[in-house]
Amino acid sequence: MGRFVDLGMRATGRFARVAPCVDVPTGSIVDLPGRGSTYLVDTGVPDRVATRTRPPLILLHALACTGLLTWYPAITALRSRHRVITFDQRWHGQGIFSERFTLEDCADDAVAVADLLGIDRFVAVGYSMGSLVAQLCWQRHPGRVAGVVLGASTMRFVDSGRDPAALRVVGDRVARAALTAASVAPAAAWTPGVDDNAWALSQFRSTTGRRVGAAAAQISRFDSSAWISRMNIPAAVVVTTKDRLIPAVRQRQLARQIADATVYDVDAGHSACVMRAERFTPAVQAACASVSARAASPLAQH
């Protein structure tokens, strides 16, 4: 989920101060037929009648995180106007554990979650690794994805022929930080009064270092540059302008490849979703509102 220091981790492995945990929703373990089980959170259809026709949001998390760890600061803000769903992607937290890890399988898992919940079309909202999965959701299942919101995203991590050294360093460092998770129990559910940092660290440590490293290797090979310009659905790109893993210039290059994509700047680094949530959450709220409203329009139906 970005550079080691950008993660907000100290050398001791302790979190810097994370966003306050307020009203973090509780999920449950569900079975995705033929795929495996995962931890899923579903806020349900909002009470506002005017928003019920908007497609649900499926939030896709970052490397070395869980669905809740990446998205808990934004869920409360989003759930008043959207049905919000997040889950632990495979090899992360309480997500599916399979013989291999691929981003393509992660995209198929997201569609399987939609199938399980009886959702036809959804907006894929991804952060970092999750933004790559969101792109693949559209590329592999175009009829199911009504729109995308891509945070801290890119078409690829390096230019053709160059070694993705920065990402490999990140993967190695995060993997070492997570090694203590090799035999730990699943992350504890949030309860009122729990220490914010202790809960966040529990979520982080629920993914083993070996799995983080394997996922980082797959991420380093991601490249959507050959097809992303064909994306023809409502889209928004949330740019983390101080990002050291995915420079803002790369994030803007992605936005320029998608027709009519709106851009929202966040003055923060790669860990903005948690460590600078007061800046990130309003931007992702605006991005989701824009994309979901456009996706609900009859003109956006394909």
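The values are calculated or read from the model by the stated rules, or taken from the named source; none is laboratory data. Here the structure is a predicted model, which is why all the values come from computation and not from measurement. When the accessible area is computed, the model is the full protein with side chains, heavy atoms only, and any ligands, DNA or RNA have been set aside. Shrake-Rupley method; radii C 1.70, N 1.55, O 1.52, S 1.80 Å.
With every protein chain left in place, what is the accessible area per residue of region 40-139 in square angstrom, probe 1.4 Å?
I get 28 Å² per residue for this part.
What are the ³J(HN,Hα) values, in whole Hz, obtained from phi via the Karplus relation 6.51 cos²θ - 1.76 cosθ + 1.60 with θ = phi - 60°, for each residue of region 140-149 in sequence order, with x given for Gly and Pro?
Each residue's phi maps through the Karplus curve to give 8, 9, x, x, 9, 9, 7, x, 9, 10 Hz.
What ³J(HN,Hα) values, in whole Hz, does the Karplus curve 6.51 cos²θ - 1.76 cosθ + 1.60 give for region 241-251 when θ = phi - 60°, with x put for Gly and Pro?
Per-residue couplings from phi come out as 6, 10, 6, 9, 8, 10, x, 4, 4, 5, 5 Hz.
Please work out the Cα center distance from region 202-270 to region 16-81, rounded to the nearest Å.
Taking the Cα centre of region 16-81 as reference, the centre of region 202-270 is 19 Å away.
In sequence order, what are the phi-derived ³J(HN,Hα) couplings for region 218-227 according to the Karplus relation 6.51 cos²θ - 1.76 cosθ + 1.60 with θ = phi - 60°, rounded to whole Hz, with x for glycine and proline?
5, 4, 5, 9, 5, 7, 9, 4, 6, 9
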